[in-house]
Amino acid sequence: MVWAHAMLDLRFVVDHLPEVRTALARRNAAAAASLGAIEELARRRKEAIASSERLAAERNRANEEMARLPKGSPEFLARRDELKRLSAEQKEREKEAAAVEAEIQGILQGVPNLPLAAPAVPDGEDASSNVEVKVWGERPAFSFAPKPHWELGVQLRILDFDRAAKLSGSRFSVLFGAGARLERALIQFMLDLHTEEHGYTEVQTPFLVRGTALYGTGNLPKFEQDLFKIQGDAPDMLQAMYLIPTAEVPVTNLHGGELLEADRLPLAYVAYTPCFRSEAGSAGRDVRGMIRQHQFDKVELVRLVTVETAEEQHELLTRHGEIVLERLGLHYRRVLLCAGDMGFSSQKTYDLEVWLPSEGNFREISSCSWFGDFQARRADLRYRPEPKAKPRFLHTINGSALAVGRTLIAVLEQYQQEDGSVKLPEVLRPYLGGKRRIGVSGALE
């Protein structure tokens, strides 16, 4: 199988191996250890390239000398034989260098992105080292014990897990009546906000993509077990078809292989899609309710930006996610992830976490990540800084704004009333026929 690009720039890695190893150690020891074989491979690659260059110089000298000799003379024939030998040896060295480079590429495809230096990304191994950046809104206070969404939804007959299990097995749900309409209202509200106020272009993409698109965003080959693969006769994973785990995958790859002009940037896209994840690594986690499902809805934001503007664009996209929560009146916080808690492809991530009264805790509702050129190298996303300038790789940024199912959960739990009814956020009422709550009967009132 041939991989088009490494996630990290191969030449940078082999030329700065100690620095790269140190940076990866901030994520975890295993990430740093994954570079163990590269040092020897880098030495072999360097020797093969040097040998190839030396043979090329000898071949050029032999060619010049042969040109001055009488054709057919013994000296001419000897030089010609030497030229053939040098050419054959040079080709062997080039093949050797290419083979070693491919081996390094194979290692790099499983190596995560380098985190930004502290304090931009704090040190730490897990969520306990994440840094709370801000908290918004008042924590809802109840004169009764707040119920979890799976109890509220079932009692209101707007949420059904048993019928979903009959259809599809565990980790699926069915929304009825006001529940289904609330989900649709949330999607429409988010799309309207991001297109009409925040300037995003709405895009509707396929929900099935080839493996090449998943490779472009870093989902393949490392995380194939987390995907739903469509069975077929594709020769390898890059040509196989998969259900998308997030709209980030098709939207990020929209301009793959193109050369964009700088005056078109930034490109800002918003997409609603269902998302499909096998949750292979989460056995036993969040088995109740809608927190962790195989199928869920998201409204996703993606920005393709220049290197110079990437940091401010990351802050802007994160702010757009926060505004959704604030318009809905949902208590939340922003958290800066430490190096050891970030996703595979990210160099810096903010999580937006919404308050769930039933748990007495904040839960992630969006991850807003800046990937540097990590994905762009994989997906071949490039731009020209100015006319006739050398092309550069874009920086990619994305985040959910928001995960719709978790937003629905937060609305049910934060707006629940003692009698079992649920008030509706004012901003959603125009999408719900002006109704103000979900009554105890489960109907919009």
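The values are calculated or read from the model by the stated rules, or taken from the named source; none is laboratory data. A quick note: this is a predicted structure, and the numbers were derived from the prediction, not measured. Glycine also receives a Cβ, built like all others from the backbone with ideal geometry; neighbour counts cover every protein chain displayed. Note: areas computed on protein heavy atoms with side chains; ligands, DNA, RNA excluded. Shrake-Rupley method; radii C 1.70, N 1.55, O 1.52, S 1.80 Å.
On the first, second and third principal axes, largest extent first, how far apart are the outermost C-alpha atoms of the stretch 1-82 in Å?
Computed over the Cα atoms, the extents are 66, 27, 16 Å.
Among LEU227, VAL135, ASN28, pick out the residue whose Cα is farthest towards the positive end of the charge dipole of the chain, where Lys and Arg carry +1 and Asp and Glu carry -1 on C-beta, about the Cα centre.
Farthest along the dipole direction, towards plus: LEU227.
Take the alpha carbon gyration tensor of the stretch 293-445, find the square roots of its eigenvalues, order them as a ≥ b ≥ c, and report rounded if a/c is under 1.5; if not, report prolate when a/b exceeds b/c, else oblate.
On the way: a/c = 3.11, a/b = 2.27, b/c = 1.37.
It comes out prolate by the Cα gyration axes.
Which value, in debye to the nearest 20, describes the size of the charge dipole of the stretch 294-445 about its Cα centre when Lys and Arg Cβ atoms bear +1, Asp and Glu Cβ atoms bear -1, and nothing else is charged?
Numbers: 21 positive and 21 negative charges, 127 e Å.
In total the dipole reaches around 600 debye.
Please tell me which of these pairs span more than 30 angstrom C-alpha to C-alpha: LYS46/LYS71; LYS229/LYS435; LYS166/LYS229? Walk me through the numbers before you get to the answer.
Details: LYS46/LYS71 38 Å; LYS229/LYS435 41 Å; LYS166/LYS229 22 Å.
Beyond 30 Å: LYS46/LYS71; LYS229/LYS435.
Which residue, GLY199, GLY340, GLY218, has the most motion in a Gaussian network model of the chain that connects Cα atoms within less than 10 Å?
Per the Cα network of the chain with a 10 Å cutoff, GLY199 tops the list.
Check cross-link reach from LYS134 to the lysines: straight Cα distance under 21 Å, and skip same-chain residues fewer than eight apart.
LYS348
Please list, in order along the stretch 394-407, the HN-Hα scalar couplings obtained from phi with the Karplus expression 6.51 cos²θ - 1.76 cosθ + 1.60 (θ = phi - 60°), rounded to whole Hz, x for Gly and Pro.
Calculated HN-Hα couplings, in order: 5, 9, 10, 9, 8, x, 7, 9, 9, 5, 5, x, 5, 5 Hz.
Take the alpha carbon gyration tensor of the stretch 39-123, find the square roots of its eigenvalues, order them as a ≥ b ≥ c, and report rounded if a/c is under 1.5; if not, report prolate when a/b exceeds b/c, else oblate.
Details: a/c = 5.96, a/b = 3.60, b/c = 1.66.
Prolate.
Indicate the gyration tensor shape class of the stretch 364-445 (rounded, prolate or oblate), computed on the Cα atoms with a ≥ b ≥ c the square roots of the eigenvalues: a/c under 1.5 is rounded; otherwise a/b larger than b/c is prolate and the rest oblate.
Prolate.
How much of TYR350 can a 1.4 Å solvent probe reach, expressed as accessible area in Å² and rounded to 10?
Ignoring ligands and nucleic acids, TYR350 comes out at about 20 Å².
Roll a 1.4 angstrom probe over the protein heavy atoms and tell me the percent of accessible area of the stretch 308-437 that is carbon or sulfur. Can you show the working numbers first?
Numbers: 1770 of 4340 Å².
Roughly 41 percent, rounded to a whole number.
Could you work out what % of the accessible surface of the stretch 148-307 is carbon and sulfur, using a 1.4 angstrom probe and leaving DNA, RNA and ligands out of the count? List each step's numbers first, then the result.
Numbers: 3500 of 7260 Å².
Of the solvent-accessible surface of the stretch 148-307, carbon and sulfur hold 48 percent.
Over the chain, with the other protein chains present, what is the accessible area per residue in square angstrom, probe 1.4 angstrom? Spell out each step's value before the answer.
Details: 20770 Å² over 445 residues.
Per-residue value: 47 Å².
What is the sum of charges, Lys and Arg at +1 and Asp and Glu at -1, for the other residues whose Cβ falls under 9 Å from the Cβ of LEU444? Don't skip to the end; give the middle numbers.
Working: positive: ARG181, LYS435, ARG436, ARG437; negative: GLU445.
Once positives and negatives cancel, what remains is +3.
Heads up, I need the accessible area for ASP236: 1.4 angstrom probe, whole protein in place, Å², nearest 10.
50
Name the residue, out of ARG382, ARG406, ARG59, whose mean-square fluctuation peaks in a Gaussian network model built on the chain with Cα pairs under 10 Å.
The residue with the greatest mean-square fluctuation here is ARG59.
Give me a comma-separated list of calculated 3J(HN,Hα) values for the stretch 232-237, in order, Karplus coefficients 6.51, -1.76, 1.60 applied at θ = phi - 60°, integers in Hz, x for any Gly or Pro.
Coupling constants for the stretch 232-237: x, 10, 4, x, 7, 5 Hz.
Give me log10 I(q)/I(0) at q = 0.15, 0.18, 0.21, 0.23 Å⁻¹ for the stretch 56-184, Debye formula, one equal scatterer per alpha-carbon, no solvent.
-0.98, -1.03, -1.15, -1.23
Over the stretch 228-336, what number does the Rg to Rh ratio reach, with both radii from the alpha-carbon atoms and Rh per Kirkwood? Intermediate results must be reported in sequence, preceding the final value.
Values: Rg = 17.4 Å, Rh = 17.0 Å.
Result: Rg/Rh = 1.03.
With point charges of +1 on the Cβ of Lys and Arg and -1 on the Cβ of Asp and Glu, referenced to the Cα centre of the chain, which listed residue (LEU208, LEU428, GLY124) lies farthest in the positive direction of the dipole?
LEU208
Which residue fluctuates most in the GNM of the chain (Cα springs below 10 Å): PRO274, PRO206, PRO146?
Maximum among the listed residues: PRO206.
Can you report the principal axis dimensions of the chain using only the alpha carbons, biggest first, rounded to whole angstrom?
106, 47, 42
For the stretch 346-398, what is the per residue volume of the convex hull drawn over the alpha-carbon atoms, in cubic angstrom? Let's see the in-between values first.
Details: hull volume 4.2 nm³, N = 53.
Spread over its residues, the Cα hull of the stretch 346-398 gives 79 Å³ apiece.
About its Cα centre, how strong a charge dipole does the chain have in debye, to the nearest 20, once Lys and Arg get +1 and Asp and Glu get -1 at the Cβ? Spell out each step's value before the answer.
Details: 58 positive and 63 negative charges, 137 e Å.
Approximately 660 debye in magnitude.
If R0 is 35 Å, what FRET efficiency do you get for ARG11 and ARG429 from their C-beta distance, rounded to 0.05? Walk me through the intermediate numbers first.
Details: r = 57 Å, r/R0 = 1.61.
E between ARG11 and ARG429, to the nearest 0.05, is 0.05.
Given R₀ = 22 Å, FRET efficiency for GLN239-LYS95 by Cβ-Cβ distance, to 0.05? Write out the running numbers ahead of the final one.
Numbers: r = 26 Å, r/R0 = 1.19.
So the FRET efficiency works out to roughly 0.25.
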